[in-house]
């Protein structure tokens, strides 16, 4: 199965096209991102290999005018290497969080089965893509309930808090103030996936939270 998604970037001019392929033993993702950061345009591509359990195995990030990719890779027992160097601070993390894409939120959400009211904490490998900084980060997701067929998750990280609109397959539909899904297409289906009316258009992305 293959799925293709397009998100708008809301914080600045930009968008992402992502392709996910589900193969026999793993999944492969390629994202192409156009964005503007402090007035500077960027064109980035990342290749992500996932297990069928949605755990990150390897990510390669390519930037224009750079000959070598930036590589973050997981080995057995959730140990991590950054550009070939082992980083013990990342031990125990199960997924990467790339700053340039809302697909990062799909990874922990799809790792587990959720019940309304359930809260889970995940140790993530946070990758500031433009600045090439990598460090561990705890993130908390709470399944708040459903709205018009979509799931609403409270997302907390440090002092940041917001509410995410997530579809049944774990795709981010709306990330208030940051990303908005414009299209979803699954191989063999000619119809673009249903797009909701904005559910959280006025939701704050701050320490005060949505709820």
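The values are calculated or read from the model by the stated rules, or taken from the named source; none is laboratory data. Quick caveat: nothing in here was measured; it's all calculated off a predicted structure. Cβ: placed from backbone, ideal geometry, glycine included. Neighbour counts: every protein chain shown.
Taken residue by residue, region 97-113 has no member that is more than 19 Å from residue 28 (Cα to Cα), buried (at least 20 other Cβ atoms within 10 Å of the Cβ) and in contact with a strand residue (DSSP E or B) (Cβ under 6 Å, 6 or more places away or on another chain). If you go through region 7-39 and keep only what is touching a helix residue (DSSP H, G or I) at 6+ places or on another chain (Cβ under 9 Å) and either under 17 Å from residue 177 (Cα atoms) or in contact (Cβ under 8 Å) with a residue 24 or more places away in the chain (or both), you end up with 7, 16, 18, 29, 31. For region 31-76, a residue qualifies if it is in a loop (DSSP other than H, G, I, E, B) and out of contact with any strand residue (DSSP E or B) (no Cβ under 8 Å at 6 or more places or on another chain), and the qualifying residues are 38, 39, 53, 65, 66, 67, 68.
Residue by residue through region 133-159, note down the ones that are touching a strand residue (DSSP E or B) at 6+ places or on another chain (Cβ under 7 Å) and within 18 Å of residue 93 (Cβ to Cβ). Within region 133-159, 134, 135, 136, 137, 138, 139, 140, 141, 155, 156, 157 meet the criteria. At least 1 residues being over 17 Å from the mean Cα position of the chain (by Cα) and at pLDDT 95 or above is the threshold, and among the strands (runs of 3 or more DSSP E) wholly inside region 81-182 those reaching it are 119-128, 133-147, 150-157. A single entry from 107, 130, 98 fulfils the requirement of being closer than 26 Å to residue 66 by Cβ, in contact (Cβ under 8 Å) with a residue 24 or more places away in the chain and in contact with a helix residue (DSSP H, G or I) (Cβ under 7 Å, 6 or more places away or on another chain): 98. Each residue in region 83-96 was checked for being crowded, with 17+ Cβ neighbours inside 10 Å and either under 26 Å from residue 16 (Cα atoms) or out of contact with any strand residue (DSSP E or B) (no Cβ under 8 Å at 6 or more places or on another chain) (or both), and 4 pass.
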